[in-house]
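K.L.:
I'd like to ask some things about the structure below.
Values in this text are rule-based calculations from the coordinates and carry no lab data. Small disclaimer: the values here were computed from a predicted structure and weren't measured. Here the Cβ is made from the backbone with ideal geometry for all residues, glycine too, and neighbour counts use every protein chain on show.
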Amino acid sequence: DGGITQSPKYLFRKEGQNVTLSCEQNLNHDAMYWYRQDPGQGLRLIYYSQIVNDFQKGDIAEGYSVSREKKESFPLTVTSAQKNPTAFYLCASTDTRAYGYTFGSGTRLTVV
Amino acid sequence: GEDVEQSLFLSVREGDSSVINCTYTDSSSTYLYWYKQEPGAGLQLLTYIFSNMDMKQDQRLTVLLNKKDKHLSLRIADTQTGDSAIYFCAETPSSGGYNKLIFGAGTRLAVHP
């Protein structure tokens, strides 16, 4: 079955470290998205990509970076510049034939 | 700008109907969606409605759209404990590119016996 795989499910980061969250999809979707979810705040868009080798900043891109070297993959790096990275991170994908987004199961990042 | 608003919490008794409400600002929205999120999981698409429809029914789920008031609701009939989750309303705004969705903050539904 097609879907989106996020890994790892839980991730712990020390202060000053960069960490990378993986997102892979086998749906052949063109567009991919990264959201951050904090309790009671819904979803906030970090970055999105509509095509390979191109991506756009969302509403809260500071302290994050992405790459889109392959259609299937859209990894998110949380850099040391992100001062409050503890959150639940969701990856999603879509294309013009789909209704809405397909979401991955999320990665919970905790700073220790 | 585009905005989607939902009440944050709803508590219902098992077997009753639940109604989750949502208001949006973009009158040019084409599709409106309802997603369900269970604890520690991603979002699951429940249903969607096209902007030229007033109602859509899918088993226990009924979506009502009042385009004049920019109001969307999700009714869950015979609510069960398995329906306990966060429900997100989302719209596709006219100004966004490539199916960009705007999400509400989510309504936490608690079902009690």
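K.L.:
Explain nothing, just the number: dipole magnitude of chain A about its Cα centre with +1 on each Lys and Arg Cβ and -1 on each Asp and Glu Cβ, in debye rounded to the nearest 20. Working shown, then result.
P.N.:
Numbers: 12 positive and 11 negative charges, 61 e Å.
Roughly 300 debye for chain A.
K.L.:
Right, here's the next one. For region B:1-46, what is the charge dipole size about the Cα centre, in debye to the nearest 20, if Lys and Arg each add +1 at the Cβ and Asp and Glu each add -1 at the Cβ? Write down the numbers at each step before the final one.
P.N.:
Working: 2 positive and 7 negative charges, 33 e Å.
Dipole size: approximately 160 debye.
K.L.:
Further question: Kindly work out what percent of the DSSP beta bridges joining two residues of chain A are antiparallel, to the nearest 5. Display every interim value, and only then the final one.
P.N.:
Working: 33 of 37 bridges.
Given both bridge residues lie in chain A, the antiparallel proportion sits at roughly 90 percent.
K.L.:
Same structure, new question: Any idea how far the Cα center of region B:54-90 sits from the one of region A:76-110, in Å?
P.N.:
About 25 Å separates the Cα centre of region B:54-90 from the one of region A:76-110.
K.L.:
Same structure again: Restricting to Cα pairs below 8 Å that are 6+ residues apart, what does the relative contact order work out to for chain B? Please round to a whole percent.
P.N.:
Numbers: 281 pairs, mean separation 42.5, N = 113.
Across chain B, relative contact order equals 38 percent.
K.L.:
Once you treat every alpha carbon in the protein assembly as shown as an equal point and sum by Debye, what is log10 I(q)/I(0) at q = 0.08 Å⁻¹?
P.N.:
Log-scaled intensity ratios, in q order: -0.29.
K.L.:
Only bridges with both residues in the protein assembly as shown count here: give the DSSP antiparallel percent, nearest 5.
P.N.:
Working: 70 of 79 bridges.
Close to 90 percent.
K.L.:
What average count of beta carbons from other chains do you get within 10 Å of the Cβ of residues in A:40-50? Intermediate results must be reported in sequence, preceding the final value.
P.N.:
Numbers: counts 6, 2, 12, 11, 1, 4, 0, 0, 3, 1, 4.
Per residue, the average neighbour count from other chains is 4.
K.L.:
Under a crude label model (7 Å from the Cα following the beta-carbon direction), how far is A:S105 from B:N66 in nanometres?
P.N.:
Result: 4.0 nm between the two label points.
K.L.:
Report, as a whole number in µm² per second, the diffusion coefficient that Stokes-Einstein gives for chain A at 25 °C and 0.890 mPa s using the Kirkwood radius over alpha carbon pairs. List each step's numbers first, then the result.
P.N.:
Working: Rh = 13.9 Å.
Once the numbers are plugged in, D ends up at 176 µm²/s.
K.L.:
Given 4 °C and 1.567 mPa s, compute D for chain B with the Stokes-Einstein relation, Rh being the Kirkwood radius over Cα pairs; round to the nearest whole µm²/s. The partial results should precede the final answer.
P.N.:
Numbers: Rh = 14.1 Å.
It comes out at roughly 92 µm²/s.
K.L.:
In chain B, what % of DSSP beta bridges are antiparallel (nearest 5)?
P.N.:
Values: 37 of 42 bridges.
Roughly 90 percent of the beta bridges in chain B run antiparallel, per DSSP.
K.L.:
Remind me, relative contact order of chain A in percent, using alpha carbon pairs under 8 angstrom and six or more residues apart? Mind dumping the intermediate values first?
P.N.:
Details: 283 pairs, mean separation 39.0, N = 112.
Relative CO of chain A lands at 35 percent.
K.L.:
Treating only the Cβ of Lys, Arg, Asp and Glu as charged (+1, +1, -1, -1), what charge dipole size does chain B show about its Cα centre? Round to the nearest 20 debye.
P.N.:
Working: 10 positive and 13 negative charges, 19 e Å.
Once rounded to the nearest 20, the dipole reads 100 debye.
K.L.:
Here's something else I'd like to know. Excluding residues fewer than 8 places away in the same chain, name every one of the lysines whose C-alpha is closer than 30 Å to that of B:K100.
P.N.:
Cross-link targets: A:K9, A:K57, A:K70, A:K71, A:K83, B:K36, B:K56, B:K67, B:K68, B:K70.
K.L.:
How high is the relative contact order of region A:47-90, in percent, counting Cα pairs under 8 Å that sit 6 or more residues apart?
P.N.:
On the way: 57 pairs, mean separation 13.1, N = 44.
Normalised by residue count, the contact order of region A:47-90 is 30 percent.
K.L.:
Now a separate question. Could you grab the Rg to Rh ratio for region A:1-66? Cα atoms only, Kirkwood for Rh. Write down the numbers at each step before the final one.
P.N.:
On the way: Rg = 13.1 Å, Rh = 13.5 Å.
Result for region A:1-66 is an Rg/Rh of 0.97.
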